[in-house]
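Trainee: Have a look at this one.
The values are calculated or read from the model by the stated rules, or taken from the named source; none is laboratory data. Computed from a predicted structure; not experimentally measured. Every residue, glycine as well, gets a Cβ built from its backbone with ideal geometry; the counts of neighbours run over all protein chains shown.
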Amino acid sequence: MAYAYDNQNIFAKILRGEIPNSTVLETEHCLAFRDIAPAAPDHILVIPKGAYVNFDHFGNEASDAELLDFSRTVARIARDTGAAPDAGGQGYRLIANTGRHGVQDVPHFHIHLIAGRQLGRMIQNENGEKS
Ligand code: 5GP
């Protein structure tokens, strides 16, 4: 299976420092930064520094160190934002849009961590109605 990575995507440019970002946390293998169009008071994107197109690319081909660092980074941000329920928070949602049906706009794997308000139910139909 060959995954085609476009190194001109916007997150690749952010990783190269060509576009500014509002960094929340940087680790050896990950960068976390605020979404430019937040859907909630806290809307943070966590991306691996490696060139992975989507979750299955990352899950299939990332090293153990990258996978571990990514999971720990997401969990740390959930804690740091105050959203993690075990730390007294009200919860959060993780989203990894993938491909056409997942309506993925930026072809560099990322997880949205969204928190800070009641988020409602998750899935809408193609007309934008909640099901
Ligand atoms: P996707 O639809 O691919 O899952 O989400 C891409 C996300 O990237 C969107 O929520 C969008 O607001 C965010 N985004 C797009 N361009 C930029 C940018 O230049 N900077 C930041 N911080 N976020 C961006």
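Trainee: Looking at Gly50, Gly89 in this structure, which one is at pLDDT 95 or above and either surrounded by fewer than 12 Cβ atoms within 10 Å (Cβ to Cβ) or touching a Gly at 6+ places or on another chain (Cβ under 8 Å) (or both)?
Mentor: Criteria check complete, one pass: Gly89.
Trainee: I'm trying to understand the selection: among the residues of the range 57-76, which are charged (D, E, K, R) and under 19 Å from Asn7 (Cβ atoms)?
Mentor: Glu61, Glu66
Trainee: Also, quick follow-up: Since Ser22 meets every condition but one in (1) farther than 16 Å from Ile114 by Cβ; (2) polar (S, T, N, Q); (3) over 12 Å from the mean Cα position of the chain (by Cα), which condition does it not meet?
Mentor: For Ser22, the failing item is (1).
Trainee: Right, next: Those residues that are free of Cβ contacts under 8 Å to residues at least 40 places away in the same chain and surrounded by 15 or more Cβ atoms within 10 Å (Cβ to Cβ), I need them from the range 16-47; list them, please.
Mentor: Asn21, Leu31, Phe33
Trainee: State whether the residues of the range 69-90 include one that is more than 15 Å from the ligand (Cβ to nearest atom), of a type in the set (Asp, Glu) and out of contact with any Leu (no Cβ under 9 Å at 6 or more places or on another chain).
Mentor: Checking the range 69-90: at least one residue is more than 15 Å from the ligand (Cβ to nearest atom), of a type in the set (Asp, Glu) and out of contact with any Leu (no Cβ under 9 Å at 6 or more places or on another chain).
Trainee: Still on this structure, please answer the following. Give me the residue from the range 92-117 that is farther than 15 Å from Asp35 by Cα and basic (Lys, Arg) and, out of that set, farthest from the ligand (Cβ to nearest atom).
Mentor: Within the range 92-117, the match that is farthest from the ligand (Cβ to nearest atom) is Arg117.
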